[in-house]
Structures are given as C-alpha cells and as structure tokens.
1. Give me the residue from the stretch 203-220 that is surrounded by 15 or more Cβ atoms within 10 Å (Cβ to Cβ) and not polar (S, T, N, Q) and, out of that set, modelled with the lowest pLDDT.
2. Among 196, 143, which is within 26 Å of residue 92 (Cβ to Cβ), within 25 Å of the chain's Cα centre (by Cα) and either assigned to a strand (DSSP E or B) or free of Cβ contacts under 8 Å to residues at least 24 places away in the same chain (or both)?
3. Residue pairs, Cβ under 9 Å, 6 or more apart or interchain, first in the stretch 219-245 and under 16 Å from residue 209 (Cβ atoms), second surrounded by fewer than 22 Cβ atoms within 10 Å (Cβ to Cβ) and among the aromatic types (Phe, Trp, Tyr). List them.
4. Identify all residues within the stretch 423-454 that are touching a strand residue (DSSP E or B) at 6+ places or on another chain (Cβ under 9 Å) and among the charged types (D, E, K, R); write none if there are none.
5. Could you check, for the stretch 313-325, whether at least one of its residues is aliphatic (A, V, I, L, M), at pLDDT below 85, assigned to a loop (DSSP other than H, G, I, E, B) and at negative phi?
6. Go through 415, 432 for me and flag whichever is surrounded by fewer than 22 Cβ atoms within 10 Å (Cβ to Cβ) and either among the hydrophobic types (A, V, I, L, M, F, W, C) or free of Cβ contacts under 8 Å to residues at least 12 places away in the same chain (or both).
7. Out of the residues in the stretch 74-113 that are in contact with a strand residue (DSSP E or B) (Cβ under 9 Å, 6 or more places away or on another chain) and of a type in the set (Gly, Ala, Ser), state the one that is surrounded by the most Cβ atoms within 10 Å (Cβ to Cβ).
8. Taking the conditions exactly as written (touching a Lys or Arg at 6+ places or on another chain (Cβ under 6 Å) and either under 22 Å from residue 222 (Cβ atoms) or among the hydroxyl-bearing types (Ser, Thr, Tyr) (or both)), does residue 119 satisfy them or not?
Amino acid sequence: MKTFLQRLFGGATGSVAANTVTPATASKADEAAARRPDAAPAKADTIARKAQASAALLGVSTRRPLISTGGDVAGFEFRISEDILRRLRHASEHKAQAAYVLAVQTSARMVQQSGRVGFVRLPTDWFIHAMGNNEDAGIFVGLEPPSNDKPEPGYLQAVAQAIVRMRAVGVKVGWDVSSATMGRSVTGMMPDFLLLPQGAEPMTSRVEAIKNLPVAQAGQPIFATDISSVEDLEEALHQGVHYVCGELAPMGTVVNARELRPVPPEVRRIGHLLKQLVTGAETAVIAEEIKGDVGLSFRLLRLINSASFAQLHAGASIEQAVMVLGRNELYRWLSIMMMQYAGQRKASSALQEVALWRSRLLELLAIERKQEAPGQFFTLGLASMLGFILKVDLLEVIDTLNLPEPARQALLEQSGPWYDYLRVSALLETQSLDQAGALAEPFGGIERIAALSDAAWIWAAEHADRKGGRWENQVE
C-alpha cells in the first residue's frame with residue numbers, strides 16, 4: 001500500500017528506501033565484507049537505516065545545525081526550500097503544501113526523539129496545514145510571514161486554530177514579535193519563544209532591540225536565524241541568545257590575513273606522521289614516532305583500550321594499536337586529532353562537529369560513486385574546514401595533510417574531478433539541495449544525497465565530544 005506522500009507525489013519517495021548506506025570504510029576489503037549476506041549488521045548500517053526514514057520524506061529540507069548557548073550542536077533546523085515555496089505558493093496547492101509541512105515536521109520529530117532540539121520554520125499560510133500528534137511534543141515551530149501576498153479568506157482564524165492545535169500536543173510555537181506582518185497574522189496571541197532573523201542589521205543591535213520588548217522580558221527562549229557569519233553567531237551567543245542557526249563555515253571561507261597563525265608544532269608533528277603513512281613507512285617507524293609524543297601516545301592507547309577494541313588484552317602497546325587500526329583508520333584518526341589544537345572560541349564544538357559531518361559526507365559520497373580510496377575524500381572535507389578552525393593558511397593545511405592533486409585543485413582552484421563533492425556539501429549547508437540538478441545524478445540523486453547527509457550527521461554526533469570541543473577519539 002502506498003503512503004500518503006507516495007499517493008501525492010508518485011514514486012518519488014521510493015528510491016531512497018531501495019538503497020542502503022554502505023558503512024564507513026577506508027578499504028575495499030571492509031566494504032566487500034559489509035556487502036556479504038551473512039555479515040552481521042555493522043553499527044554504521046544501523047545509523048544509516050535511522051537516517052533513511054527522514055530522507056524518505058522526499059528530502060524537501062536538509063537539516064542545518066542549531067547551536068546552543070554552550071557553543072555545541074544542540075539540534076537541527078528544517079525548512080521548506082524557497083523554490084518549493086515559490087512553486088506551491090497558491091492556496092489551490094493545499095494538498096502538496098500539507099505534505100511538505102508533514103515532511104519537515106516529521107524530520108524535526110525524529111531529531112527531537114534522538115535527544116536533540118527539532119526546530120521547524122514555516123510560513124504562516126503553510127503552517128495552517130500542520131496536524132500535530134503527541135509524538136510531536138517538544139518540537140519548536142517558528143512562524144514566518146505568509147508566502148502568498150493575498151492569503152485566502154479565513155486565514156487569520158486558521159492560523160490561530162493551528163497554533164492552539166499544535167500547542168495542545170506539546171509543540172512550542174514562536175515568531176518574530178518585531179515584525180508588523182507577523183503581528184497581523186497572530187493578533188492577540190503570545191509566542192512560546194522568540195524568533196530573531198538577523199536581516200541586514202548588526203547582530204548586537206538586533207538582539208538588544210528584541211530584548212527591550214516587553215514580551216522578551218517574560219523569559220521565553222530566543223532563536224536567532226539566518227546568521228551570515230560565525231562571528232555574528234558567536235556574538236548572538238555572547239548576548240544571551242539561547243539558540244542560533246546560520247552558516248557556520250561557508251565553503252570557500254578565507255581567514256583574514258591579520259588572524260592567520262603559524263601552524264602549531266603539534267600539528268606539524270601530526271603532519272609528519274601523515275606523510276609517513278602516505279609514503280609507506282614501516283609500521284615500527286610510525287609507532288616510534290607516535291611514542292615520541294606523550295599526548296598522542298596517551299590518546300591512542302585510550303582509544304585502543306576502549307570498548308570498541310575489546311578483543312585486545314589490557315595494556316596493549318603502541319605497536320599493537322597501529323597494527324589493529326590499520327593505516328587508513330590511523331590516518332583518519334590523526335587528521336581529526338589536528339582539530340584539538342584549535343584556539344578556544346564560543347562555537348568551537350559546533351565547528352568541529354560540522355567538520356566531522358562534512359568529512360564523513362564526502363566519504364559516503366565517494367563510496368556511493370565507488371571511488372578507489374574513499375578515505376581521501378574524508379580528508380578533503382576536513383581540509384576544507386581545518387584552515388578556518390585552526391586559523392592557518394589553506395596552503396599550509398594542504399601541505400600538512402599531504403593532499404593529492406585533485407584535492408588541491410578542488411580547494412585552491414574550485415575545479416577538477418573532486419570539486420563536485422564540495423559543491424554538493426555547499427548546497428546542503430545552504431539548504432539549496434533542490435537546485436543541484438544534474439550535479440546530483442552521479443551521487444544517486446537528491447534523495448540519496450539527503451539520506452547520506454543525515455547518516456553523516458548521526459555519525460558526527462556519535463564521534464564528537466561536546467565538552468569544550470575535545471574529542472572522544474573513537475574510530476568505528
């Protein structure tokens with residue numbers, strides 16, 4: 001039997017469910033083992049299946065991280081794309097509008113049920129189609145001005161009824177109290193939280209203006225959205241905003257020359273190890289190099305003595321750790337370790353989780369396209385953010401990671417065979433995946449990319465330590 005969405009949109013939802021996300025691997029042997037019918041389900045398989053349910057809802061809105069006062073990724077924002085809003089803006093499209101509202105609502109619900117904040121933004125003339133149930137309790141819905149300049153008769157009453165209906169099942173509904181248009185749409189009602197789009201004003205002025213309003217003094221949470229830079233994002237957090245959402249590290253972000261720092265010696269040491277791995281140095285030589293760094297030795301031994309490697313006896317040596325991990329996973333682990341040398345800033349934890357997501361996404365996309373060495377694409381994603389996180393020149397990052405020529409082309413010239421991977425990531429981060437067109441086809445299409453993105457976010461959450469931006473240093 002077809003689902004409600006399938007009846008409305010034909011077979012569009014089927015292609016995601018028909019695929020499975022290959023577990024993260026850095027070798028063909030592991031990937032082949034994962035495909036065996038008798039193979040036990042890997043943890044990455046479970047993660048992927050969780051993600052597919054969200055992506056199966058047409059992938060209408062990719063998630064964007066929601067940053068908390070503590071500077072970590074506390075949840076995700078979901079929206080309906082601008083293109084969809086334009087195409088279906090007329091009231092006669094109410095069935096399709098309702099389906100898209102259901103899609104973003106379900107995505108937020110799944111995030112909420114995972115223990116994070118599920119946040120949806122909807123135009124008021126689409127919100128009237130929202131039909132909540134008890135499973136939606138706790139999600140946040142931010143209302144925005146209507147997408148249609150001439151809402152149908154009964155619009156105001158329908159908005160009020162929808163707010164009451166959603167609140168009855170525990171959904172929090174908020175809006176921008178400084179917007180005259182929103183004021184006319186929600187006459188006589190009070191928000192559960194305050195929505196604060198940045199707009200063209202400086203963030204400090206925007207926050208101060210809304211804090212001076214009487215409704216803000218009632219203590220409702222403030223959600224700042226559409227923030228255009230990490231500096232404004234951090235300023236909002238310093239100003240007491242509870243949750244912020246925007247572009248943390250847009251693709252191609254260049255560090256101001258005045259802020260550039262020399263590569264930390266610890267990072268250079270890791271870079272030397274990476275080069276040895278790439279050039280085929282003996283395992284014993286690599287183990288000796290690691291032993292020369294007390295911090296790295298401690299972290300590697302802590303990792304290898306964790307539950308993930310229970311097959312080893314207590315007191316495993318550095319040599320054993322290197323052999324058990326293998327060169328590819330050791331390369332990945334060392335690359336991630338570089339981020340611990342980032343200077344402490346308000347959004348450090350969030351930046352590092354986004355870096356993990358981007359890296360994992362590119363690796364999954366490479367697996368999807370059956371690339372020979374998908375682990376190299378993990379490093380490409382990491383390199384695209386490492387300069388911004390460490391505040392070092394991108395050329396230094398490329399040299400330190402000993403990246404191959406296609407990675408250099410993609411990062412420095414925005415060209416070459418690997419650049420499309422970064423382009424896909426950029427579309428996801430700006431919630432513009434529906435504009436991918438032919439770019440998405442080699443990766444399995446828009447729905448498939450959305451499923452892989454969700455899987456990458458879940459992986460990043462499991463591998464990031466949200467205690468001051470440090471790492472648990474897990475390897476699956």
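The values are calculated or read from the model by the stated rules, or taken from the named source; none is laboratory data. Keep in mind that this is a model prediction, so the values were computed, not measured. Counting neighbours? That spans all protein chains shown, and the Cβs are built from the backbone with ideal geometry, glycine included.
1. Ranking the candidates gives 216 first.
2. Numbers: 196 fails: within 26 Å of residue 92 (Cβ to Cβ).
Selected residue: 143, the only one of 196, 143 that is within 26 Å of residue 92 (Cβ to Cβ), within 25 Å of the chain's Cα centre (by Cα) and either assigned to a strand (DSSP E or B) or free of Cβ contacts under 8 Å to residues at least 24 places away in the same chain (or both).
3. Final answer for the pair search is 220/193; 222/193; 223/193.
4. 429
5. Among the residues of the stretch 313-325, at least one is aliphatic (A, V, I, L, M), at pLDDT below 85, assigned to a loop (DSSP other than H, G, I, E, B) and at negative phi, which makes the answer yes.
6. Numbers: 432 fails: either among the hydrophobic types (A, V, I, L, M, F, W, C) or free of Cβ contacts under 8 Å to residues at least 12 places away in the same chain (or both).
When all the criteria are applied, what remains is 415.
7. 108
8. Numbers: touching a Lys or Arg at 6+ places or on another chain (Cβ under 6 Å): no; either under 22 Å from residue 222 (Cβ atoms) or among the hydroxyl-bearing types (Ser, Thr, Tyr) (or both): yes.
The answer is no for residue 119.
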